[in-house]
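Enquirer: Structure below; questions to follow.
The values are calculated or read from the model by the stated rules, or taken from the named source; none is laboratory data. This structure is a prediction, so every number in the text was calculated from the model and none was measured. So basically every Cβ, Gly included, is an ideal-geometry build from the backbone, and we count neighbours across all protein chains shown. Quick note on the areas: whole protein, heavy atoms, side chains included, nothing else; ligands and nucleic acids left out. Shrake-Rupley method; radii C 1.70, N 1.55, O 1.52, S 1.80 Å.
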2 protein chains.
Amino acid sequence: MELLWGTGERPTRGPKPGLTLDRIVGAAVTVADAEGIGAVSMRRVAAELGVGTMSLYRYLPGKGELLDLMLDRIAAFDPAEFPGPEAGWRTVLETVARGSWQLHHRHPWLLQVDQTRPLLGPNSVNALEYTIRGLSGVALRDPEKIRLLMIVEGYVAGAARTRLNSALAEKRTGITDEEWWKIQGPFLVQAMESGRYPHLAQLSEDTFAFDDEGDEGDALFELGLGRLLDGIAAYIERRGG
Amino acid sequence: MELLWGTGERPTRGPKPGLTLDRIVGAAVTVADAEGIGAVSMRRVAAELGVGTMSLYRYLPGKGELLDLMLDRIAAFDPAEFPGPEAGWRTVLETVARGSWQLHHRHPWLLQVDQTRPLLGPNSVNALEYTIRGLSGVALRDPEKIRLLMIVEGYVAGAARTRLNSALAEKRTGITDEEWWKIQGPFLVQAMESGRYPHLAQLSEDTFAFDDEGDEGDALFELGLGRLLDGIAAYIERRGG
DNA sequence: GATGACCGCGTACGGCGTACCCAGTTTTCG
DNA sequence: CGAAAACTGGGTACGCCGTACGCGGTCATC
């Protein structure tokens with residue numbers, strides 16, 4: 001908590017610290033980006049910084065806090081760069097959703113950290129402020145706005161998860177879609193031929209032939225986001241009159 | 001894979017196995033339900049069954065496969081109990097979404113397993129068949145149906161994640177919402193008073209005062225699902241003509 | 001210059017997944 | 001019927017992990 005907001009006070013006695021929280025968190029994020037969250041261990045991060053493992057504990061109570069700090073760090077965000085309330089609530093929500101989507105893209109490990117709670121660090125609060133400001137023109141009560149926002153964020157997380165699964169499958173075992181179907185295929189063909197899945201068996205062949213990770217993954221995300229916002233728009237119109 | 005579909009053949013020689021895959025997976029699910037996925041270790045599961053740790057490896061190549069099997073096992077599902085295509089695509093999608101939602105409710109660890117890929121076991125395929133059948137009346141091409149389904153599933157996963165975060169926060173540290181605000185509050189109050197977050201500061205006080213876990217969590221889920229399906233309905237109408 | 005606070009970090013403990021290997025059991029074959 | 005083969009159970013050990021503990025060196029203060 002204090003770590004997140006940087007309100008801890010330096011004691012005056014004793015040697016100056018050779019490290020900073022920032023450097024530690026930065027190193028951890030670098031490792032996570034490059035090798036996945038699984039590679040982020042206290043030993044590994046310490047090695048990255050050329051210090052002993054236990055030195056990190058002078059700056060952090062434990063690994064959990066490190067993960068919390070990583071989460072808030074990558075949420076850094078400058079509202080001035082993005083459309084304000086005058087652009088309309090839909091544009092703002094789209095901006096937030098796409099920003100979050102790209103965040104998941106840049107840091108795929110985001111979904112894999114045990115996020116025991118939505119920790120509110122400075123950057124997260126900053127983003128929240130931006131969003132609420134963007135919804136100021138909406139004729140709903142505050143709690144309802146928050147709910148809609150949570151729904152959109154939830155959708156983004158879900159979509160990111162869908163894509164992450166594909167990406168991980170490929171990375172982890174070095175298996176591509178093609179190889180995967182080679183392994184999985186026979187079992188499925190057998191299942192299809194069993195006659196227990198008539199509707200599945202009748203699907204056209206190209207049904208599953210698309211890439212979740214590239215442009216088509218983005219298209220899927222946008223399709224869902226568009227539908228969700230359509231529904232929300234109708235709701236706002238109906239309720240807000 | 002073979003494990004999932006149960007197509008492995010028993011060798012004739014040697015002693016009969018004292019365990020079954022089913023018992024192992026069942027024990028693992030029991031442990032996960034009761035104490036979270038973190039408590040599921042090979043040693044723990046073996047202890048639960050009263051056998052040595054390494055005995056499990058006679059039935060499973062490793063822990064990853066155990067998790068895969070757990071996932072498919074809890075996806076057991078009897079299509080006959082649920083509305084068929086005659087009820088309309090929306091009802092079917094709602095059924096699927098609510099089923100998945102309740103599944104996450106019953107097995108909160110579902111989201112925490114590193115689902116490297118959407119493994120298609122018999123139960124998952126079964127559910128997929130049901131859904132596709134339910135969409136047979138929709139005037140869209142097959143790939144598009146699948147995409148809409150993925151979007152809905154993604155939304156459910158995201159919503160479940162939102163709720164999971166709240167639940168975990170409470171369980172993990174035994175901290176309730178109230179205590180949490182006691183800790184987090186001062187920092188946020190300070191942030192609010194800094195004047196950097198005018199719109200947040202102006203939110204009514206009850207904005208965040210709702211329980212993600214109980215009925216209000218369900219209401220949030222239903223609200224989002226309704227909006228999403230509204231948007232999908234408009235889309236189908238527009239495209240399917 | 002002594003004192004006490006603080007930093008870096010080596011060592012050690014208890015957990016984990018699992019590779020390896022041996023002993024015991026059951027079936028099959030000569 | 002005895003021996004060999006095939007299989008199961010599981011003990012031991014290795015290399016990871018997070019981190020509790022404590023020690024020696026460093027620096028601001030009295």
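Enquirer: Could you work out [θ]222 nm for chain B from helices alone, using -39500 (n - 2.57) per DSSP H run of at least four and dividing by all its residues? Round to the nearest 500 deg cm²/dmol. Don't skip to the end; give the middle numbers.
Expert: Details: 10 runs with 149 residues, N = 241.
Theoretical 222 nm ellipticity from helices: -20000 deg cm²/dmol.
Enquirer: In nm to one decimal, list the spacings between the A:VAL189 label point and its equivalents in the other copies, with label points set 7 Å along Cα to Cβ, shortest first.
Expert: Output for A:VAL189: 6.9 nm, nearest copy listed first.
Enquirer: Next up: Rounded to the nearest 20 Debye, what is the dipole magnitude of the range A:42-144 about its Cα centre when Lys and Arg each give +1 and Asp and Glu each give -1 at the C-beta?
Expert: Using Cβ point charges on Lys, Arg, Asp and Glu, the range A:42-144 gives about 400 debye.
Enquirer: Shifting gears a bit: Put the label 7 Å from Cα along Cα→Cβ for A:GLU237; what are its distances to the other copies, in nanometres, shortest first?
Expert: Label-point separations across copies, in nm and ascending: 1.0.
Enquirer: Could you check the simple spin-label distance between A:ASP78 and A:ALA47, using points 7 Å along Cα→Cβ, in nm with one decimal?
Expert: It is 3.6 nm.
Enquirer: If you build a Gaussian network model of chain B, linking Cα atoms that sit under 10 Å apart, which residue out of B:PHE82, B:PHE208, B:PHE221 swings the most?
Expert: B:PHE208
Enquirer: Another question, if that's okay. Please give the average number of partner chain Cβ atoms lying within 10 Å of the Cβ of each residue in A:135-147, rounded to a whole number. Could the numbers behind the result be given before it?
Expert: Values: counts 1, 2, 0, 0, 0, 0, 3, 7, 8, 2, 2, 5, 7.
That average works out to 3.
Enquirer: Okay, next question. Once you charge only the Cβ atoms, +1 for Lys and Arg and -1 for Asp and Glu, what is the size of the charge dipole of the protein assembly as shown about its Cα centre, to the nearest 20 debye?
Expert: On the way: 52 positive and 68 negative charges, 263 e Å.
Rounded to the nearest 20 debye, it is 1260 debye.
Enquirer: Relative contact order of chain B: what whole-number percent is it, with Cα pairs under 8 angstrom and at least 6 residues apart? Show your work: numbers first, answer last.
Expert: Working: 164 pairs, mean separation 45.2, N = 241.
With pairs under 8 Å counted, the relative contact order is 19 percent.
Enquirer: So how long is each side of chain B along the principal axes, counting just the alpha-carbon atoms, biggest first, in Å?
Expert: Each principal axis gives a Cα extent; for chain B these are 77, 54, 27 Å.
Enquirer: Chains A and B: buried accessible surface, both sides, probe 1.4 Å, rounded to 100 Å²? Show your work: numbers first, answer last.
Expert: Details: alone 15390 and 15370 Å², together 24440 Å².
For A against B, buried area totals roughly 6300 Å².
Enquirer: Put a label point 7 Å from Cα along the Cβ direction on A:LEU19, then list its distances to the equivalent points in the other copies in nm, shortest first.
Expert: Sorted ascending, the copy-to-copy spacings read 3.9 nm.
Enquirer: For the protein assembly as shown, how many pairs of lysine residues have a Cα-Cα distance under 27 Å, where the two are 8 or more positions apart or belong to different chains?
Expert: For the protein assembly as shown, the number of qualifying lysine pairs is 13.
Enquirer: Something else about it: Carbon and sulfur atoms: what percent of the 1.4 Å accessible area of the protein assembly as shown do they account for? Kindly include the intermediate steps, with their values, before the conclusion.
Expert: Values: 12640 of 24440 Å².
Carbon-and-sulfur percentage of accessible area, whole number: 52.
Enquirer: Only four residue types carry charge here, +1 at the Cβ of Lys and Arg and -1 at the Cβ of Asp and Glu. Report the dipole size of chain A about the Cα centre in Debye, rounded to the nearest 20.
Expert: Values: 26 positive and 34 negative charges, 247 e Å.
The dipole magnitude comes to about 1180 debye.
Enquirer: Using only Cα atoms, locate the centre of the range A:27-43 and the centre of the range A:97-166, then give the distance between them in Å, rounded to an integer.
Expert: 23
Enquirer: Which distance in nm do the two modelled labels at A:GLU193 and A:THR20 give, with both placed 7 Å along the Cα-to-Cβ direction?
Expert: Going by the 7 Å Cα→Cβ label model, 6.5 nm.
Enquirer: For chain B, modelled as a GNM with alpha-carbon contacts under 10 angstrom, which of B:GLY231, B:GLY154, B:GLY36 fluctuates the most?
Expert: B:GLY231
Enquirer: Further question: Among A:SER194, A:SER41, A:SER166, which one shows the highest mean-square fluctuation when chain A is modelled as a Gaussian network with alpha-carbon springs under 10 Å?
Expert: Result for chain A, Cα springs under 10 Å: A:SER194 fluctuates most.
Enquirer: While we're on this one: Please name which of A:THR91, B:LEU148, A:MET192 has its Cα lying farthest along the dipole of the protein assembly as shown towards the positive end, using unit charges on Cβ (Lys, Arg +1; Asp, Glu -1) and the Cα centre as origin.
Expert: Selected residue: A:MET192.
Enquirer: Tell me the per residue accessible area of the protein assembly as shown using a 1.4 Å probe; a whole number in Å² is fine. Before the final figure, lay out the partial values.
Expert: Details: 24440 Å² over 482 residues.
Spelled out: the 1.4 Å probe surface of the protein assembly as shown, per residue, equals 51 Å².
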